[in-house]
Amino acid sequence: MKLYDTPRAPNPRRVRWLLVEKGVEDVEIETLNLMEGQHRSPDYVSKTGLAQVPVLELDDGTSISESLAICRYLEAKYPEPNLFGRTAEEQAFIEMWTRRAELMLSMPFMLAVRHTHPALAALETQDAAVGAWNLGAATKALKVFDRRLADHKWIAADRLTIADIVAFIGYDFARGMLKFEIPDQFTHVKRWVEDMRARPAAAIAK
């Protein structure tokens with residue numbers, strides 16, 4: 001298998017983080033330079049259908065895009081450690097929190113970066129107001145996760161799951177690109193962030 005990747009982008013990082021958590025080392029990584037438009041080449045788009053990363057190309061040539069779809073495929077192929085849920089109830093609960101992590105935190109943080117960071121002006125028609133609104137929305141949503149983490153070590157289960165990966169990488173993208181830090185009142189989120197940073201994947205899947 002081959003993973004088409006790009007440095008610093010949050011969605012490919014989700015896949016790389018999952019690979020580290022599962023100890024998978026037999027996936028070839030091919031790095032694309034988005035600033036040079038390598039993801040828009042006719043050959044690449046013919047494989048993937050869209051000019052985006054990540055894409056996982058299987059041994060038979062099938063291509064899977066969308067980071068969570070790739071992660072679900074890898075979960076099925078490498079089921080341990082479990083990151084998506086074992087029982088029907090657990091799967092639903094993890095899905096619920098993953099959706100919240102995606103829509104309330106990760107996507108707003110990513111949009112804030114895309115619309116305000118000067119380096120991304122080459123890839124995005126930027127609107128500073130859109131960026132500011134999304135950063136505010138993500139900051140407000142931290143209240144929901146702080147309540148949850150007040151009496152839970154992890155967001156969705158008694159162990160790290162895909163919900164934690166999605167939430168943390170969205171935040172960490174804004175931290176790295178916009179110098180955003182968790183406000184001090186969100187003490188439980190700050191504890192969880194330190195737990196995530198302590199995991200080997202935080203350093204390996206940069």
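We did not get these values from a lab; they are worked out from the coordinates using the rules stated. Treat the numbers as computed from the prediction; the structure is a model and nothing was measured. For neighbour counting, all protein chains shown are included, and Cβ atoms are generated from backbone atoms with ideal geometry for every residue, glycine included.
As a proxy for reagent exposure, ranking Thr161, Thr62, Thr116, Thr125 by other Cβ atoms within 10 Å from fewest up yields Thr125, Thr62, Thr116, Thr161.
How big is the dipole moment of the chain about its Cα centre under a simple scheme where the beta carbon of each Lys and Arg is +1, that of each Asp and Glu is -1, and everything else is neutral? Debye, nearest 20, please.
Values: 27 positive and 29 negative charges, 145 e Å.
Dipole magnitude for the chain comes out near 700 debye.
Within the listed set Arg14, Arg147, Arg72, the residue fluctuating most in the Gaussian network model of the chain (springs between alpha-carbon atoms under 10 angstrom) is Arg147. Derived scalar couplings between HN and Hα for region 17-27 equal 4, 4, 4, 5, 4, 8, x, 7, 10, 9, 9 Hz in order, rounded to whole Hz, by the Karplus curve 6.51 cos²θ - 1.76 cosθ + 1.60 (θ = phi - 60°), x for Gly and Pro.
Ranking Ile29, Ile182, Ile165 by Cβ neighbours within 10 Å, fewest first, what do you get? All intermediate terms of the calculation are to be shown ahead of the outcome.
On the way: Ile29 13, Ile182 19, Ile165 28.
With the fewest neighbours first, Ile29, Ile182, Ile165 line up as Ile29, Ile182, Ile165.
Shape class for the chain, computed from the alpha carbon gyration tensor (a ≥ b ≥ c): oblate, with a/c not under 1.5 and a/b at or below b/c. Positive-end ranking of Ser41, Pro118, Ala205 along the dipole of the chain, with charges on Cβ about the Cα centre, is headed by Pro118.
Within region 36-86, list the GluC sites (Glu not before Pro) lying in a DSSP loop whose Cβ has at most 16 other Cβ atoms in a 10 Å radius. Mind showing how you got there, number by number?
Working: sites: Glu36, Glu57, Glu66, Glu75; in loops: Glu36, Glu66.
Taking region 36-86 and a limit of 16 other Cβ atoms within 10 Å, the loop GluC sites (Glu not before Pro) found are Glu36, Glu66.
Note on region 88-204: percent of Cα-Cα distances in each 10 Å bin, starting at 0 and stopping at the bin with the largest distance, equals 14, 45, 30, 10, 1. Rg and Dmax of region 2-77, based on Cα coordinates, read 11.7, 34 Å. Computed from backbone phi, the HN-Hα couplings of region 95-111 come to 4, 4, 6, 5, 4, 5, 4, 5, 7, 8, 10, 4, 5, x, 4, 5, 5 Hz, rounded to whole numbers (Karplus: 6.51 cos²θ - 1.76 cosθ + 1.60, θ = phi - 60°; Gly and Pro given as x). Looking at this model, which pairs from Lys2/Lys190; Lys2/Lys206; Lys2/Lys22; Lys22/Lys179; Lys77/Lys179 are more than 25 angstrom apart at the alpha-carbon? From the list (Lys2/Lys190; Lys2/Lys206; Lys2/Lys22; Lys22/Lys179; Lys77/Lys179), the Cα-Cα distance tops 25 Å for Lys2/Lys190; Lys22/Lys179; Lys77/Lys179.
Proximity of backbone amide H atoms, modeled 1.01 Å from N, is registered between Glu30 and Leu3, Tyr4, Asp5 at under 5 Å, excluding neighbours fewer than 5 places apart on the same chain.
Computed from the Cβ-Cβ distance with R0 of 45 Å, the FRET efficiency linking Ala198 to Asp43 stands at 0.65.
Neighbour counting of Cβ atoms within 10 Å sorts the residues Trp17, Trp133, Trp192, fewest neighbours leading, into Trp133, Trp192, Trp17.
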